[in-house]
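Asks: Sharing a structure with you now.
The values are calculated or read from the model by the stated rules, or taken from the named source; none is laboratory data. Quick caveat, the model's predicted, so the values are computed rather than measured. Don't worry about glycine lacking a Cβ; one is built from the backbone with ideal geometry, like all the others, and counts go over all protein chains shown.
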Amino acid sequence: MSAKTVLGARGPLSGSVQVPGDKSVGHRALLLGALAEGTLSVRGLSGGQDVASTRRCLEAMGASFQESAGLVSVVGRGLRGLKAPAGPLDCGNSGTTMRLLMGVLSGQAFAAELFGDSSLSGRPMERVAAPLRLMGADIATTAGKPPVTVRGRALKGIRYKLPVPSAQVKSAVLLAGLYAEGETQVEDPFGTRDHTERMLAFLGHPGPLRSDKALTVPGDPSSAAFFAAAAVLVPGSRLTLTRVLLNEGRLGFFTALKEMGGRVSWERGGVHARETVGDVTAVHGPLKPLRLAADRVPGLVDEVPLLAVLCAFADGESRLEGLAELRHKESDRLAGTAAALTALGAEARADGEALVVRGPARWHGGRVETFGDHRLAMAFAVAALAGAGPVELSDAACAAVSYPSFFKDLTAAGA
């Protein structure tokens with residue numbers, strides 16, 4: 001762990017920022033590229049630890065990656081080209097890595113064990129194992145959590161309705177479906193992220209997966225959100241986030257910020273690899289409270305801690321509903337967000353599956369326990385910049401999970 005104290009911004013934030021490549025797209029480019037025939041040329045891949053975990057696990061199963069001057073070439077092995085790893089597969093902090101690999105491993109001709117760090121070891125895996133077992137997979141969890149052992153077997157297609165709003169569960173089933181006899185269908189009543197479906201289509205599904213293509217990963221909107229929020233909160237600021245992923249399922253945060261009166265806009269610049277890409281511009285201005293319904297949470301689940309920070313700067317009571325899924329992230333983000341806001345002088349409380357925040361806060365600074373969670377660290381760094389007082393983050397280095405250059409880029413923007 002590496003503690004860090006963040007002070008108020010030196011002045012307005014200005015200019016443009018190119019945030020790292022989207023994690024969700026990056027994971028899937030590496031994974032599906034490795035399962036396709038041909039070589040997928042990928043630029044803009046996130047340098048964060050999560051995507052690195054996916055690459056490391058695939059390399060342990062014989063996948064080949066060639067890297068030069070920011071270009072990663074994924075040499076496809078084909079659906080049946082992976083081989084048994086020499087030992088357990090280390091997924092680090094990445095739930096996406098573990099859950100997507102559970103789907104892929106279910107149809108292999110070998111067994112493998114998946115494990116992770118202390119945070120990942122506390123996250124639920126039965127939600128993924130259950131539908132895969134319906135397909136015929138042999139999966140053993142450890143009291144419902146990692147480590148997870150998957151023994152590849154012949155699979156059959158299923159029709160499955162998601163019981164929880166999880167794109168990772170959906171993706172695991174779809175990936176297993178590549179190996180199954182018959183058709184696999186997943187009904188998604190929550191409208192979760194569809195990056196797996198888009199990447200599959202880009203590589204030629206429902207035909208054979210072909211990866212003789214080039215892909216530039218667009219900027220991660222979840223990372224861009226921190227800069228948009230900082231620009232809205234710090235007086236005199238105006239920032240443009242360039243070449244950001246503008247998938248309809250990922251605009252939830254920017255839409256909510258706009259509803260709060262935030263001066264944020266986005267302009268679509270085109271479609272690349274089945275994904276919409278464009279620029280986001282945010283300008284300083286006042287905010288009003290937000291009422292967020294539960295059915296909107298899947299579209300901004302990663303940005304909830306940051307949204308709560310924004311609510312603490314608004315005049316009035318905000319209520320964010322349907323946040324049960326936050327308790328199963330890298331930390332219990334619902335409890336952690338409420339505790340951090342309270343520690344800094346804001347009025348916030350968890351009310352069942354909801355978060356209630358009343359602003360404007362009487363900030364006095366203080367220490368925030370990040371629980372090694374990158375989203376909490378970055379959200380409360382933004383709070384500090386906007387005037388919450390000096391904020392000591394118990395672990396700021398965890399930002400590297402998704403955004404290694406986060407603090408450097410904030411400084412470059414004028415923070």
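Asks: Filter the range 308-324 down to the residues that are in contact (Cβ under 8 Å) with a residue 60 or more places away in the chain and of a type outside the set (G, A, S), then identify the one that is surrounded by the fewest Cβ atoms within 10 Å (Cβ to Cβ).
Replies: Here the residue is F313.
Asks: Search the range 389-403 for residues being touching a helix residue (DSSP H, G or I) at 6+ places or on another chain (Cβ under 8 Å) and not in a helix (DSSP H, G or I), and hand back the single one that is modelled with the lowest pLDDT.
Replies: S402
Asks: Among the residues of the range 250-271, which ones are in contact (Cβ under 8 Å) with a residue 24 or more places away in the chain and either crowded, with 18+ Cβ neighbours inside 10 Å or charged (D, E, K, R) (or both)?
Replies: Passing the criteria: R250, L251, G252, F253, F254, A256, L257, E259, M260, G262, R263, V264.
Asks: Further question: From the residues in the range 397-414 that are hydrophobic (A, V, I, L, M, F, W, C) and surrounded by fewer than 24 Cβ atoms within 10 Å (Cβ to Cβ), which one is farthest from V19 (Cα to Cα)?
Replies: A397
Asks: Which ranges mark the strands (runs of 3 or more DSSP E) fully within the range 24-93 that have 3 or more residues being hydroxyl-bearing (S, T, Y) and surrounded by 18 or more Cβ atoms within 10 Å (Cβ to Cβ)?
Replies: Qualifying strands (runs of 3 or more DSSP E): none found.
Asks: Right, something else. Among the residues of the range 8-19, which ones are surrounded by 21 or more Cβ atoms within 10 Å (Cβ to Cβ), modelled with pLDDT of 95 or more and assigned to a loop (DSSP other than H, G, I, E, B)?
Replies: Listed by number, the residues that qualify are L13, V19.
Asks: Next question. Tell me, which residue of the range 130-146 that is aliphatic (A, V, I, L, M) and more than 17 Å from L89 (Cα to Cα) is surrounded by the fewest Cβ atoms within 10 Å (Cβ to Cβ)?
Replies: Checking each candidate, the answer is A143.
Asks: Restricting attention to the range 188-221, and to residues there that are surrounded by fewer than 24 Cβ atoms within 10 Å (Cβ to Cβ) and hydroxyl-bearing (S, T, Y), which single residue is nearest to N247 (Cα to Cα)?
Replies: Among residues in the range 188-221 that are surrounded by fewer than 24 Cβ atoms within 10 Å (Cβ to Cβ) and hydroxyl-bearing (S, T, Y), the one nearest to N247 (Cα to Cα) is T192.
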